[in-house]
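For reference, the structure is listed below as structure tokens.
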Amino acid sequence: MRDANIVVNLVGILFERGRQCFDAVQAAGAGTVARAAAQINARMIHVSAIGADKTSRSRYARTKAQGEEAVLAAVPGATIFRPSIVFGPEDDFFNRFAAMARMSPVLPLVGGGRTKFQPVFAGDVAAAVAKAADEQAKAGTIYELGGPEVRSFRELMEFVLATTERRRLLLRIPFAIARLQAFFLQLLPKPLLTPDQIELLKRDNVVSAEAAQQGRTLAGLGIDPAAFGAIVPSYLWRFRKTGQFRRRPA
């Protein structure tokens with residue numbers, strides 16, 4: 001970081017492996033980055049996640065909140081962004097379930113698929129970071145970033161199936177059963193589901209009313225967010241049943 005004027009921390013993990021655990025990466029790690037920024041008197045921009053909460057039963061959500069606290073303790077004027085699920089050509093949400101639909105006759109709806117999300121485009125999150133770098137965001141403020149649409153997990157799975165032109169059974173799975181399945185799935189090299197992620201799915205992942213009222217959103221930064229329906233089909237085309245016979249859209 002030596003000679004840097006601005007430090008942007010984007011580090012985060014979705015599951016734990018060895019030394020790459022939530023406490024080390026998202027809590028202690030964020031604090032270490034912020035203290036290094038403070039030592040060189042650099043401005044700090046930290047990307048966290050909607051749902052960050054020190055009281056959450058999810059270690060992911062707790063350590064996200066602890067990371068925010070550590071960042072603000074070291075750099076009180078830091079700008080923090082909490083995005084909902086982020087979509088883009090290499091995302092780990094729409095791509096994951098489209099790939100699953102290609103191989104499996106069933107897509108799981110954990111908790112009945114009622115959890116709500118507000119997918120936000122990676123380019124819009126980047127634009128928010130750029131605004132903060134240009135000092136067009138409030139210092140010492142936590143922004144919540146979501147797209148223009150709120151959809152349930154079930155609706156997002158239906159969108160994936162419609163986009164990839166596949167018909168699959170959407171199977172409702174109670175949280176208790178999903179947690180049992182996740183206990184074993186977490187042992188895979190890249191887990192499809194972990195018990196910690198089950199805890200996350202028990203709460204909606206959307207911009208809070210308070211953040212919206214106070215202008216701590218993309219709109220408050222003067223950014224018109226892109227809808228997932230306008231962008232996701234441009235990269236999920238490769239998962240279509242007849243995709244091998246289609247040319248990639250321009």
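If you count Lys pairs in the chain whose Cα atoms are under 28 Å apart, skipping same-chain pairs closer than 8 places in sequence, the total is 18.
What number, in percent, do you get for the relative contact order of the chain if the mean sequence gap of Cα pairs under 8 Å and at least 6 apart is divided by its residue count?
Working: 451 pairs, mean separation 52.7, N = 250.
Value for the chain: 21 percent.
Between the helical axis of 59-74 and the longest alpha-carbon principal axis of the chain there is an angle of about 20 degrees. Springs between Cα atoms under 10 Å define the GNM used for the chain, and in it the highest mean-square fluctuation of ILE177, ILE50, ILE198 occurs at ILE177.
Taking the longest Cα principal axis of the chain as reference, the axis of helix 94-103 is set at about 20 degrees. On the chain, 55 percent of the accessible area sits on carbon and sulfur atoms, based on a 1.4 Å probe. If you plug the beta carbon distance of LEU171 and ALA130 into 1/(1 + (r/R0)^6) with R0 = 45 Å, you get a FRET efficiency near 0.60. Applying 1/(1 + (r/R0)^6) with R0 = 22 Å to the Cβ-Cβ distance of ARG238 and GLN186 gives a FRET efficiency near 0.20.
When the Gaussian network model of the chain links Cα atoms closer than 10 Å, the mean-square fluctuations of VAL11, VAL129, VAL110 top out at VAL11.
Report the calculated FRET efficiency for THR55 and ASN5 (r = Cβ-Cβ distance, R0 = 45 Å), to the nearest 0.05.
Numbers: r = 36 Å, r/R0 = 0.79.
Using R0 = 45 Å, I get an efficiency of 0.80.
Each part reduced to its alpha carbon centroid, the stretch 159-214 and the stretch 14-48 end up 25 Å apart.
Give me the 1.4 Å probe accessible area per residue for the chain, excluding ligands and nucleic acids, in Å². Before the final figure, lay out the partial values.
Values: 13050 Å² over 250 residues.
Here the per-residue accessible area is 52 Å².
Determine the calculated [θ] at 222 nm for the chain from helices alone, applying -39500 (n - 2.57) to every DSSP H run no shorter than 4 residues and normalising by the residue count; nearest 500 deg cm²/dmol. The partial results should precede the final answer.
Details: 10 runs with 91 residues, N = 250.
Value at 222 nm, helices only: -10500 deg cm²/dmol.
Among the trypsin sites (Lys or Arg not before Pro) in the stretch 161-192, those located in a DSSP loop and surrounded by at most 10 other Cβ atoms within 10 Å of their own Cβ are ARG167. Rounded to the nearest 10 degrees, the angle from helix 175-185 to the longest Cα principal axis of the chain is 80 degrees.
Rounded, prolate or oblate: pick one for the stretch 154-250, where a ≥ b ≥ c are the square roots of the eigenvalues of its C-alpha gyration tensor, a/c under 1.5 means rounded, and failing that, prolate if a/b is larger than b/c, else oblate.
On the way: a/c = 2.26, a/b = 1.03, b/c = 2.19.
Here the stretch 154-250 falls in the oblate category.
The values are calculated or read from the model by the stated rules, or taken from the named source; none is laboratory data. None of the values given here were measured: they were computed from a predicted structure. Glycine also receives a Cβ, built like all others from the backbone with ideal geometry; neighbour counts cover every protein chain displayed. The area values use the complete protein model at the heavy-atom level, side chains included, leaving out ligands, DNA and RNA. Shrake-Rupley method; radii C 1.70, N 1.55, O 1.52, S 1.80 Å.
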